[in-house]
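Reviewing the structure listed below.
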């Protein structure tokens with residue numbers, strides 16, 4: 001559920017092809033040298049590619065075969081000019097639905113139990129905002145709380161809720177080198193977690209986070225997780241694991257999280273007041 005498509009727009013190609021180029025380029029430095037894990041050679045781009053730099057004037061003519069790649073001042077593929085995410089008007093939910101969501105939050109994230117009345121004040125009403133791609137965002141008193149894709153999807157915490165209660169959610173930590181990729185919407189890969197700057201769970205009896213940032217139990221494929229970043233205090237992303245943490249340790253490669261809500265994306269910028 002990429003709520004903002006980073007740096008790459010292709011007019012006539014399907015979503016799968018767009019996603020393919022996004023994964024290749026997001027967060028990488030365009031250069032004249034060979035392509036590596038952190039760079040992408042300009043000569044490997046399609047012939048019809050247009051590289052758009054900050055402040056650059058571009059024509060609005062339609063070219064169905066053109067690949068537009070937006071880069072920052074440092075030459076790294078970045079977000080295109082911000083696009084707004086628009087949701088439906090807020091809808092008040094029935095009491096039974098509010099209770100169901102409350103119970104789901106408590107069962108999925110038990111460490112938030114001591115704070116649940118602060119998260120969901122009893123005198124306030126939970127409201128629904130419908131977003132593109134069948135995403136439902138639940139808000140209360142103008143604060144985004146959780147969201148889910150499809151009605152039967154797992155409830156994921158909005159990053160603004162995570163920043164308020166950072167110790168209440170399962171976490172993994174990426175190294176410094178992976179930060180720009182995650183914040184560009186690229187697929188999170190295992191090496192960003194298994195390097196010295198990364199952190200994966202170390203099972204201990206009491207659930208929570210230790211002083212070194214290790215979560216206390218192994219996380220399974222399909223579980224929600226918060227992505228912390230080396231050297232940063234606040235979480236960078238939230239998503240669902242496509243590989244369990246035990247497998248990440250054993251294999252050391254492959255995708256870990258393919259779609260995420262991350263700092264600066266459309267969901268982060270959406271105003272729900």
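Here are some residues: 210, 247. Which one is more than 19 Å from residue 166 (Cβ to Cβ) and surrounded by fewer than 20 Cβ atoms within 10 Å (Cβ to Cβ)? Don't jump to the end; show me each part of the working.
On the way: 210 fails: more than 19 Å from residue 166 (Cβ to Cβ).
Checking each option against the conditions leaves just 247.
Go through region 72-88 and count every residue that is modelled with pLDDT of 65 or more and either in a loop (DSSP other than H, G, I, E, B) or in the same structural domain as residue 127 (by TED's automatic domain parsing) (or both).
9
So if I check each of 160, 130, 221, which one is assigned to a helix (DSSP H, G or I) and surrounded by fewer than 19 Cβ atoms within 10 Å (Cβ to Cβ)?
Values: 130 fails: assigned to a helix (DSSP H, G or I); 221 fails: assigned to a helix (DSSP H, G or I).
So the residue among 160, 130, 221 that is assigned to a helix (DSSP H, G or I) and surrounded by fewer than 19 Cβ atoms within 10 Å (Cβ to Cβ) is 160.
Any idea which of (1) surrounded by fewer than 21 Cβ atoms within 10 Å (Cβ to Cβ); (2) touching a helix residue (DSSP H, G or I) at 6+ places or on another chain (Cβ under 6 Å); (3) not in a loop (DSSP other than H, G, I, E, B) is the one residue 192 doesn't satisfy?
(1)
Looking for something part of a strand (DSSP E or B), closer than 22 Å to residue 183 by Cβ, in contact with a helix residue (DSSP H, G or I) (Cβ under 9 Å, 6 or more places away or on another chain) and at pLDDT below 85 - is there at least one such residue anywhere in region 59-71?
Going residue by residue through region 59-71, those that are part of a strand (DSSP E or B) are 67-71.
Subset that is closer than 22 Å to residue 183 by Cβ: 67-71.
Filter again for in contact with a helix residue (DSSP H, G or I) (Cβ under 9 Å, 6 or more places away or on another chain), leaving 67, 69.
Checking which are at pLDDT below 85 leaves us with 67, 69.
The answer is yes, given that some residue of region 59-71 is part of a strand (DSSP E or B), closer than 22 Å to residue 183 by Cβ, in contact with a helix residue (DSSP H, G or I) (Cβ under 9 Å, 6 or more places away or on another chain) and at pLDDT below 85.
Mind checking whether some residue in region 114-127 is in the same structural domain as residue 235 (by TED's automatic domain parsing) and either over 22 Å from residue 209 (Cα atoms) or out of contact with any strand residue (DSSP E or B) (no Cβ under 9 Å at 6 or more places or on another chain) (or both)?
Initially, region 114-127 is screened for residues in the same structural domain as residue 235 (by TED's automatic domain parsing), giving none.
Within region 114-127, not a single residue is in the same structural domain as residue 235 (by TED's automatic domain parsing) and either over 22 Å from residue 209 (Cα atoms) or out of contact with any strand residue (DSSP E or B) (no Cβ under 9 Å at 6 or more places or on another chain) (or both).
Would you check if there is a residue in region 198-205 being in a loop (DSSP other than H, G, I, E, B) and surrounded by 21 or more Cβ atoms within 10 Å (Cβ to Cβ)? If you could, list the steps in order and put the result at the bottom.
Pass one, region 198-205, residues in a loop (DSSP other than H, G, I, E, B): 198, 200-205.
Add one more test, that the residue is surrounded by 21 or more Cβ atoms within 10 Å (Cβ to Cβ), and what stays is 198, 201.
Yes, region 198-205 contains at least one residue that is in a loop (DSSP other than H, G, I, E, B) and surrounded by 21 or more Cβ atoms within 10 Å (Cβ to Cβ).
Within the bounds of region 252-267, is there any residue that is buried (at least 16 other Cβ atoms within 10 Å of the Cβ), in contact with a strand residue (DSSP E or B) (Cβ under 6 Å, 6 or more places away or on another chain) and assigned to a helix (DSSP H, G or I)?
yes
Report whether or not residue 54 is within 22 Å of the chain's Cα centre (by Cα), assigned to a loop (DSSP other than H, G, I, E, B), under 18 Å from residue 184 (Cβ atoms) and modelled with pLDDT under 80. Reasoning before the result, please.
Numbers: within 22 Å of the chain's Cα centre (by Cα): no; assigned to a loop (DSSP other than H, G, I, E, B): yes; under 18 Å from residue 184 (Cβ atoms): yes; modelled with pLDDT under 80: yes.
Taking the combined requirement at face value, the residue does not satisfy it.
Of (1) in a helix (DSSP H, G or I); (2) farther than 30 Å from residue 253 by Cβ; (3) in contact with a helix residue (DSSP H, G or I) (Cβ under 6 Å, 6 or more places away or on another chain), residue 145 satisfies all except one. Which?
Status for residue 145: all satisfied but (1).
For residue 242, state whether it is crowded, with 21+ Cβ neighbours inside 10 Å, in contact (Cβ under 8 Å) with a residue 12 or more places away in the chain and either within 17 Å of the chain's Cα centre (by Cα) or farther than 24 Å from residue 116 by Cβ (or both). It would help to see each step written out before you state the result.
Working: crowded, with 21+ Cβ neighbours inside 10 Å: no; in contact (Cβ under 8 Å) with a residue 12 or more places away in the chain: yes; either within 17 Å of the chain's Cα centre (by Cα) or farther than 24 Å from residue 116 by Cβ (or both): yes.
Against the criterion (crowded, with 21+ Cβ neighbours inside 10 Å, in contact (Cβ under 8 Å) with a residue 12 or more places away in the chain and either within 17 Å of the chain's Cα centre (by Cα) or farther than 24 Å from residue 116 by Cβ (or both)), residue 242 does not qualify.
The values are calculated or read from the model by the stated rules, or taken from the named source; none is laboratory data. Just so it is clear, the model here is predicted, and its values are computed rather than measured. Virtual Cβ from ideal backbone geometry, glycine too; neighbours counted across all protein chains shown.
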